[in-house]
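The structure appears right after this line, and notes come after that.
The values are calculated or read from the model by the stated rules, or taken from the named source; none is laboratory data. Nothing here was measured: the structure is a model prediction, and the numbers come from that model. Note that we place each Cβ from the backbone using ideal geometry, even for glycine, and neighbour counts take in every protein chain shown. For the accessible areas, the whole protein counts, side chains as well, though only heavy atoms, and no ligand, DNA or RNA atoms are used. Shrake-Rupley method; radii C 1.70, N 1.55, O 1.52, S 1.80 Å.
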Amino acid sequence: MSPAKVSKKPPTQAPKVSEVLEHRWDLSALFKDVEELDKHIANLDKRIKAYEKKYANAFSQLEAGGFKKAMEDYEELSEGISRAMVYVFLIFACDVEKSDLYSKYQLLCSDMAQHLLFVENEFCALESQKQEELIQATPKYAYSLRVLLKQKSHLLSLPEEKVLLATSSVGVEAFSKLFDKTLTALKIPFQDKLISEEEILSELHNPDRKLRKKAQKALTKALKKNELVLTYVLNMVRKDLHINTKLRHYESPESFRHLSNQISQASVDSMLEIVNDNYALVHRYYKIKSKILGYKLKDYDRYAPLETKESPVSYSEALDLVLKAYRDFSPKFAQIVEHAIAHGWVDSHPRAGKRGGAFSDSTVPSAHPFVLLNFTNNRRSVFTIAHEFGHMIHQELSKSVGYLNTNTPLTTSETASVFGEMLLFESLKKNLDKKELRGIYAGKLEDMFSTMFRQVVMTNFERRIHATQEELKAQDFDTIWQEENAKMFGKSLKLTKNYARWWSYIPHFIHSPFYCYAYSYGQLLVLALFGLYRQQNTPAERKAFVETYTNFLSKGGSQSPEELVGMFGLDIQDKEFWKIGMGEVEKMLSEFEALL
């Protein structure tokens, strides 16, 4: 979400990674404590209301200099609201029982944000010539203002926008929090202990097939116990999206996402078509895996390791591996990682009340990103670290473009994360024998299938459930989920009845409808970029690529995805572009087959 220049000072006595067992966040970069937060909000509220009094209904009279000052102040005040909101969100992410704290400040921040809504509305209401004059006078904000104008036809009146913002915390956002609390509260019986959703999912990578099957049944049972809540929440998200689509005059339920991603419907459809047309690669891989393992695969075998004795990876070892991969690519990237490890940017392990999954929150440019992990001592968790640290590096590098330009579209926001996974993959495979190499290739292919093909399956699922306004039953969702997943796997494995319910724990369906295709978009983009990187044969060529890539990340959301990718001589509007990335997938699959 945000990023600024990395400190030029070397990290102060960063401890050796191997000595660190667990990390917790130090949120003092945002606020020392809630008391300091309260002082910040009290002061910010006064400043925002003074800003509103000065500029509301006055944009049409502003000349270039006055508009520039108004935008600078608007950016600073907006960042102040985000600073407060992200602080309580991160507290909530570590302890979902603190939802009362989160709700309290969410309302306060929502109230302050209402007093700034007029800025976008008034700018969009100006005459076109006036808008262009002001854009030309403020080059720093030019791109974000042009993006805003594309949203013009979907903006409501200022009073209407204020009502929606004021009620947002008790609308779909409330259901979103209920979903988080429900999933976090799951205590799933497994092997004589109660474990979390995150931990039970990690058992799908267990070499013991009986334990994988047992884990699958245990998770399904827990999800069915919560059928009423999880089904109702998804239906409320569907209803909210339908209302929003109608109110804002979007062509379809997914249109808002493409607009925020700054890409066309045609570009998305083209990418989805390429992925849907290449499910045969997935079928091909799992048929091979079935032969290697010696039995007909079922859904709980998707991530079964080829080597039955995969050694556990400690957190400290995982950090060392990831750090080496980034250091080999760019010392600057490694410096960011070392600084993050040493200074409380990372919260590493599962614990009671902590939100599941993983993310990197960019927070605000005047602070730094915070990374949430739920490390579970397997190779997959190592790749998760590489993924989230990629986000962190991207966010930290792009802080210099300022708060209003750091909102990177989803289509390019996944670039650094997936690229980081590829760097780790290349680093790991250098020192492995053929047997170990086969295992790591299998793991990487499965990750790519999950990041690319599975995310398209999820998008296809969303397209179908949002195509109707009728409330759907859990069994309706089950059927659609099973049918779309069956296309991806074909006859290469059997989807059991238990798997039909697994739509109900996917957070993106709740928090960010139609988010998932961005992973596929990003994966194909990264494969094209990484293929380009591997073609650089001399140190000078590689150095030039790293410089271009670093510049690409540093731009944040200050340019369009088309312009950013164009820095590498690639064209995302060209249908052939997507085939480049898919060709890299087939190449990797062929390399895997050569190891058999």
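Descriptive notes on the structure:
- Projected over all directions and averaged, the alpha-carbon convex hull of the stretch 498-589 occupies 8.5 nm².
- Ordering Leu372, Ala304, Gly353 by the projection of their Cα atoms onto the charge dipole of the stretch 301-443, which places +1 on the Cβ of Lys and Arg and -1 on the Cβ of Asp and Glu, puts Ala304 at the extreme positive end.
- The stretch 240-303 has equivalent-ellipsoid semi-axes of 39, 15, 8 Å, by the square roots of 5 times the alpha carbon gyration tensor eigenvalues, sorted largest first.
- Segment Glu76-Asp320, length gained on full extension (0.36 nm per residue, minus Cα span): 84.1 nm
- Ile195 long-range amide H proximity, modeled H, under 5 Å: Ile188, Phe190
- His249 paired with Lys140, simple spin-label distance in nm, labels 7 Å along Cα-to-beta-carbon: 3.4
- Rolling a 1.4 Å probe over the heavy atoms of the protein chains gives the stretch 173-272 an accessible area of 48 Å² per residue.
- Long-range lysine pairs (8 or more apart or interchain), the stretch 255-351, Cα under 20 Å: 6
- Normalised by residue number, the volume inside the convex hull of the Cα atoms of the chain is 154 Å³ per residue.
- Against the chain, whose longest principal axis is taken from its Cα atoms, helix 158-167 shows a tilt of about 50°.
- Lysine pair number, Cα distance threshold 18 Å (strictly under), the stretch 396-474, separation 8 or more or different chains: 4
- Within the accessible surface of the chain, defined with a 1.4 Å probe on protein heavy atoms only, the carbon and sulfur portion equals 52 percent.
- DSSP loop GluC sites (Glu not before Pro) with at most 15 other Cβ within 10 Å excluded, longest remaining stretch of the chain: 308-469
- Net length available on complete extension from Asp192 to Asn551 is 124.1 nm, with 0.36 nm assigned per residue and the Cα-Cα distance removed.
- Two-site FRET efficiency, Asp26 against Glu470, from Cβ-Cβ distance with R₀ of 51 Å, rounded to 0.05: 0.60
- Computed lengthening from Ala166 to Ala352, 0.36 nm per intervening residue step minus Cα-Cα distance: 63.8 nm
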